[in-house]
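*Asks:* Sharing a structure, written as structure tokens. Questions coming.
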Ligand code: KIV
């Protein structure tokens with residue numbers, strides 16, 4: 001497989017050619033390398049790291065520093081995949097200039113090739129400015145996790161006609177502002193199909209049905225590592241969580257039994273390192289010689 005980095009132009013061409021885009025999240029170099037080897041076209045350093053890496057209940061606590069840190073690691077691991085870094089909650093909503101600077105950090109310090117942000121029409125000006133400044137932007141519509149409280153939970157969006165029309169308008173506004181792709185999360189397939197047909201830029205679905213131009217999954221979900229709760233839209237393509245638990249259990253058994261490390265895992269010196277050494281006896285002030293040891297209780301090498 002070619003090691004040439006996938007660009008936003010490649011992704012647009014893939015839609016035009018009817019070639020589906022495979023996107024997956026990663027948060028460190030090891031998983032990024034695996035995603036790259038597996039052929040992922042895009043790796044998202046998602047703010048989902050707040051949940052799967054940091055153990056938080058939602059994504060709201062994630063900072064720009066967190067994303068910069070994890071993006072650096074991912075970029076070191078991935079040679080081919082396009083790396084897109086998420087803009088965390090309140091790093092772009094309050095102030096246009098701060099938003100530009102934060103997005104810039106994800107490219108300058110993190111090494112990402114583009115950024116992703118949640119929301120539609122309300123961010124069209126920001127998207128336009130970022131793109132004009134040389135920062136490619138991926139949009140994110142539908143179930144936008146940073147709005148979990150406004151949505152009243154992680155709920156499918158766009159089920160009613162009013163909502164669906166707004167999401168379509170948002171998608172068109174993002175395209176017009178220069179976004180190169182849009183994630184559609186948690187929307188009915190009937191809506192994602194219409195949006196995908198209406199746009200010339202790729203749609204990438206998660207819980208949005210099969211008609212999007214590509215799909216994205218959180219890597220911990222697709223590998224079956226995060227299995228306390230498995231949402232309807234997730235397919236576990238492996239069960240690494242149970243495998244990991246079993247492996248750690250087997251390791252513990254061998255540690256306790258003294259069978260690990262075995263000879264195969266053990267290093268040996270090239271020459272004799274220590275010779276038996278003369279020993280020195282220590283007088284024990286409490287011992288009056290009753291045991292025939294003459295008041296001596298220990299020997300140590302000198
Ligand atoms: O943060 C994330 O992982 C995401 C994907 C679910 C699209 O935004």
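*Asks:* Looking at residue 92, is it closer than 17 Å to residue 136 by Cα, assigned to a loop (DSSP other than H, G, I, E, B) and at pLDDT 95 or above? Write out each step before concluding.
*Replies:* Details: closer than 17 Å to residue 136 by Cα: yes; assigned to a loop (DSSP other than H, G, I, E, B): yes; at pLDDT 95 or above: yes.
When the stated conditions are applied, residue 92 passes them.
*Asks:* Please go through segment 195-237 and pick out each residue that is buried (at least 19 other Cβ atoms within 10 Å of the Cβ), more than 12 Å from the ligand (Cβ to nearest atom) and part of a helix (DSSP H, G or I).
*Replies:* Matches in segment 195-237: 195, 196.
Yes/no per residue for (1) farther than 23 Å from residue 157 by Cβ; (2) crowded, with 24+ Cβ neighbours inside 10 Å:
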residue: 52; (1), (2): no, no
residue: 59; (1), (2): no, no
residue: 68; (1), (2): yes, no
residue: 103; (1), (2): yes, yes
residue: 124; (1), (2): no, no
residue: 129; (1), (2): yes, no
residue: 133; (1), (2): yes, no
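*Asks:* So which residues in segment 115-163 are more than 21 Å from residue 212 (Cβ to Cβ) and in a loop (DSSP other than H, G, I, E, B), if there are any at all?
*Replies:* 133, 134, 135, 152, 153
Yes/no matrix, rows are residues, columns are (1) more than 16 Å from the ligand (Cβ to nearest atom); (2) touching a strand residue (DSSP E or B) at 6+ places or on another chain (Cβ under 6 Å):
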| residue | (1), (2) |
| --- | --- |
| 4 | yes, no |
| 7 | yes, no |
| 28 | no, no |
| 42 | no, yes |
| 45 | no, yes |
| 64 | no, no |
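*Asks:* Give the residues of segment 103-130 that are more than 16 Å from the ligand (Cβ to nearest atom) and closer than 30 Å to residue 34 by Cα, sorted by residue number. Can you show your working first?
*Replies:* So in segment 103-130, the residues more than 16 Å from the ligand (Cβ to nearest atom) come out as 104-105, 107-109, 111, 113, 121-122, 124-130.
If the condition is that a residue be more than 16 Å from the ligand (Cβ to nearest atom) and closer than 30 Å to residue 34 by Cα, then 104, 105, 107, 108, 109, 111, 113 are the ones that fit.
*Asks:* Okay, moving on. Take segment 238-262 and flag every residue that is part of a helix (DSSP H, G or I) and more than 27 Å from residue 34 (Cβ to Cβ). Steps first, answer last, please.
*Replies:* Residues of segment 238-262 that are part of a helix (DSSP H, G or I), as a first pass: 240-257.
Of everything in segment 238-262, those that are part of a helix (DSSP H, G or I) and more than 27 Å from residue 34 (Cβ to Cβ) turn out to be 253, 255, 256, 257.
*Asks:* Looking at residue 100, is it more than 13 Å from the ligand (Cβ to nearest atom) and outside any loop (DSSP other than H, G, I, E, B)? Give the steps one after another, and end with the answer.
*Replies:* Working: more than 13 Å from the ligand (Cβ to nearest atom): yes; outside any loop (DSSP other than H, G, I, E, B): yes.
Yes.
The values are calculated or read from the model by the stated rules, or taken from the named source; none is laboratory data. Note that the coordinates shown come from a computational prediction; the quantities given were computed from them, not determined experimentally. Cβ coordinates were reconstructed from backbone atoms using ideal geometry, including for glycine residues, and neighbour counts include every protein chain displayed.
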